[in-house]
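Here the structure comes first, spelled out in structure tokens, and everything after it is commentary.
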Amino acid sequence: MKLNILFFFILIPFLYFSQRNNLITSQASYPVTNPKSFNKKKFKGNNTILFEIHSDQKISEFIKVNYYLDKNADYFIAYIINNNNFPFDFALQDGSLFIIQEAQNHDKEWVPIEHWSYSSCGNSYDRSLILPPKTYATFPVKISKGNYKTKIRLKMKDLRSKHIYYSQAFEGIIDDSKFKPQNWKKSDYTSVSYFDEIE
């Protein structure tokens, strides 16, 4: 009996991690700073949440360490902007916005190249990003590497309203092996999400 129980506890972690390793997409993480105010001329647009991509602004090694980012990866800075006269309140998971990257495949279809992994710990959701009117916050965006030049965009989910926000597309290079055909969204993992509108 003891041997059977021991085998069960050894087998479950093995299956857990082997399934995760079979995922084509990379796990996403987008830690965000506190809001800052801006003047009215700084950003254009109105009545929505805006994203500005600054691929020329690379982050420092200090920020990588401070936000527990991948030390072997490169990142640039993006802005999330509230150019409205009312506040936005976004739930965070462990201080991170709910964002993944999507890319256009060879057929110009938008498909995810990252996935989100929901935490099972309630304490992971005890913080929010509150963006008062005319404020912005910044977050790092991981730079993909590979053999295929294409367009990339950010897809953000508001966990409370379930609304989906998209950034403008920007140029990038990815590994086109991430474009898995047929059931590329299918996962045996219930915590994995691509922020589909119907989940």
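Taken together, the values in this text are just the output of simple stated rules run on the coordinates, not laboratory data. Note that the coordinates shown come from a computational prediction; the quantities given were computed from them, not determined experimentally. Quick reminder, even Gly has a Cβ in these numbers, built from the backbone with ideal geometry, and neighbours come from all protein chains shown.
Couple of notes before you dig in:
- Positive dipole terminus of region 24-193, leading residue within Ser55, Pro87, Tyr165 (C-beta point charges): Pro87
- Residue list for region 47-88, given a label point 7 angstrom along the Cα-to-Cβ vector of Ile173 and an amide N cut-off under 11 Å: none
- Pairs beyond 28 Å (Cα-Cα), from Lys71/Lys134; Lys155/Lys178; Lys134/Lys178; Lys36/Lys145; Lys108/Lys134: Lys71/Lys134; Lys134/Lys178; Lys36/Lys145; Lys108/Lys134
- Value of D in µm² per second that Stokes-Einstein yields for region 24-193, Kirkwood Rh from Cα pairs, at 10 °C (1.306 mPa s): 94 µm²/s
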